[in-house]
Amino acid sequence: TNGNPQINKGVKAIPEIFTSLYADVNADDGSRMHFGYRPIVKTTFAIENQFFGNAPHVSHVINILLYFLALLILYRLLRRLLTDYNPVFSLMVVLLFAAHPIHTEVVASLKNRDELLAFIFGFLAIEKFVQFIDLQKIKYVIYGMLLLLLGYLSKASVLIYLAIIPLVIYFFRDVDIKKLVLPFLAVLAALIIARYVPRFFLPEAHRPSLFFENPLLFEDDKLMHISTGFSVLMFYLKKILWPDPLLFYYGFDTIKIVGFGNIVVIISMAIYLALFGIAVYLFRKKHLVSFSLMLFFVTISIYANMVKPVMGIVADRFMFIPVLSLSLLLVYLFFKLFKVNPKNSHITSGQVNKFIVVMMLLLIPYSAVTIDRNNDWEDLLTLTSHDIKDLDNSAKANFLYGMSLKNHIVTTQAYWKKEAQGDVNLMIKHFKKAVIIFPGYFDAWNQLGEIFMVVKKDYKRADVCFKEAIEINSEFRKPYYNLGYLNYTNKKYVLAKKHFLEYLEVEPHHIQTHSFLSKMAFKQKNLQEALEWNKKILEFNPDAAVAYFNMGNFLLQSSDTLKAVENFEIAAKLNPANKQLLNNLHSYFTKEGDESKANYYLNLNNTEGK
């Protein structure tokens, strides 16, 4: 949320939020991504910003409160559904669900607030439709539709409630199948409105699909989708039963694209077919075990990659609702283990003690893993550095770790300092790992080139990396700028100009590129061209300090010192963080005997240095 221009505007941005797409960020292919529609989520952050400013700790507290609210809603719904069950049963289910470590990503990652809000609105909607069945008052259908609308405006995965709500009503209320028609149509209508009405006023979405996010996006063999889907389902089954290790990203090549002959696929198919058989066998009896399994199948289906591949192939956050199925099954098995009827209104103290013991056997290790995992989410570098040891085969995870190291170095120390060299070498190692796993990872090639160019001063290797990135994806424009800068540094001005012009084709208002073109022209004794390039900067950004700084240098080298100083002063006013410029102005006015201006720039330099 930090730095999002809409969120930074506070509540006045809410109309804009509801008429724009959720994400507007740089894509891995160098373009801009515009996708998703989650205005409720962004609105919550905008309101936070209005009252608390940019305060991540406040956002994290709110996420925790939303999680507790979700648990309270879950408990209330279970009590409404399991009316003849002992309250201890519902309480145990909620406790197991709450403690499961796989939820850490949803609660700890602010961007996953959409999952929390979708859950809250979705489960409140379930409750309202159940109330309609119980009381036959149409107002509950309207409430349910509104809540589903809010849920969809939080995250589109709420579409799955089209199956969940009829499933819940069938299992927990004795109603004629015909009475399910109205709730089903109401759910369908709400989701159709939420899905299609915004398309009339939203801009066109753009979300590029890249191989390393999910190779199935480029796999035409639908049978391969199904076989790999069973491998994914096995992955989720293991994660739900024992959630260790939990990782920030998976993607290619963590989950392999496999056929039906793969042993994991065979075992997964056997397990899931057996579970499905149990669910079908107990379906007509409206057995809780059947409901739990059906709920799992329904909620996991959208993430199995069989019908539609998902970005990252798998993710911990996708298990938020499916964990409820495990909680229901485990608690039911506990009651059976101790031969206690869950529908007994009275449970003895001895039975309660047994439940406490068996619950502790799960809650203690679950809570320990959750607490430990929360520590990993302290910041991006802590998270990625902890997880990378288990992500040796993930191209994007290695790339993201390299980027987190880069951001850390940029914000805390200079590349060339001795203490930074360990992190620099680690960056190189993991960017190299990314291209070893997936040789077509053009952005990783570009990042390697930048390190070799800027830090290692190994221009030959940098040149190879940039050209490799372009060879893989000629539409990816960052390497063109880097090649321009590389050749500019080596005084190969013809090549530099060629690459800078190629970069301007997609970034026509890139100030630094215009600045380099201007300076190159001046170095080649072409003052008129230098002035033209510099003038263009001021045309699209009149407050660009670099344009006045360049002009000052041109005039200074043309022996027009007074005009040069005038431009330097404008540059200093626009960018008082330029320490060298402030020092030069202080020295100049000191020599000229202008004590007032000399002191002004000295004080400004000292002020900016604090």
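The values are calculated or read from the model by the stated rules, or taken from the named source; none is laboratory data. Quick caveat: nothing in here was measured; it's all calculated off a predicted structure. Cβ atoms come from the backbone with ideal geometry, glycine included; neighbour counts cover every protein chain shown. Just so you know, the surface numbers come from the protein's heavy atoms only, side chains and all, with ligands and any DNA or RNA stripped out. Shrake-Rupley method; radii C 1.70, N 1.55, O 1.52, S 1.80 Å.
Working note: Karplus 6.51/-1.76/1.60 with θ = phi - 60° gives segment 514-522 the couplings 4, 5, 5, 4, 5, 5, 5, 4, 5 Hz, where Gly and Pro are set to x. Based on the Kirkwood approach, the hydrodynamic radius assigned to segment 301-391 is 16.7 Å, with every pair of different Cα atoms included. Largest first, the three principal axis extents of the alpha carbons in segment 403-484 are 35, 28, 20 Å in whole numbers. Compute the separation of the alpha-carbon centres of segment 417-480 and segment 503-519 and state it in Å as a whole number. Taking the Cα centre of segment 503-519 as reference, the centre of segment 417-480 is 22 Å away. In the full protein context, the chain carries 48 Å² of accessible surface per residue, based on a 1.4 Å probe and ignoring ligands, DNA and RNA.
When the alpha carbon gyration tensor of segment 444-576 is reduced to an equivalent ellipsoid, its three semi-axes come out at 29, 15, 14 angstrom, largest first. Between amide H atoms placed 1.01 Å from N, distances below 5 Å from Phe35 occur with Tyr22, Ala23, His206, all of them 5 or more places distant or on a separate chain. Each residue was assigned an accessible area with a 1.4 Å probe, and for Trp377 the value is about 50 Å². Under the convention that each Lys and Arg Cβ holds +1 and each Asp and Glu Cβ holds -1, the size of the dipole of the chain around its Cα centre is about 1320 debye. Working from the Cα coordinates of segment 522-610, the gyration tensor eigenvalues give, after taking √(5λ), semi-axes of 25, 16, 9 Å in decreasing order. Residues in segment 100-109 carry Karplus couplings, in order, of 4, x, 5, 6, 4, 4, 5, 7, 7, 8 Hz; the curve used is 6.51 cos²θ - 1.76 cosθ + 1.60 with θ = phi - 60°, and Gly or Pro positions show x. Each semi-axis of the equivalent ellipsoid for segment 202-322 is √(5λ) with λ an eigenvalue of the Cα gyration tensor; in descending order they amount to 26, 17, 15 Å.
Apolar share of the accessible surface for segment 46-110: 72 percent from carbon plus sulfur atoms, 1.4 Å probe. The Cβ shell under 14 Å around Ser292 holds other residues with a net charge of +3, Lys and Arg each +1, Asp and Glu each -1. Expressed as a fraction of 2.2 N^0.38 Å, the C-alpha radius of gyration for the chain is 1.19. No solvent, one uniform scatterer per C-alpha: report log10 I(q)/I(0) for segment 41-197 via the Debye equation at q = 0.10, 0.13, 0.17, 0.19 1/Å, two decimals. Here the Debye-derived log intensity ratios amount to -0.40, -0.66, -1.04, -1.20. Solvent-accessible surface of protein heavy atoms, probed at 1.4 angstrom with all chains present, puts Glu532, Glu471 in the order Glu471, Glu532, largest first. Potential lengthening of the chain between Leu72 and Ser345 amounts to 96.1 nm, from the contour at 0.36 nm per residue minus the alpha-carbon distance. For Ser385, the accessible surface of its heavy atoms amounts to roughly 50 Å² (probe 1.4 Å, protein chains only, rounded to the nearest 10).
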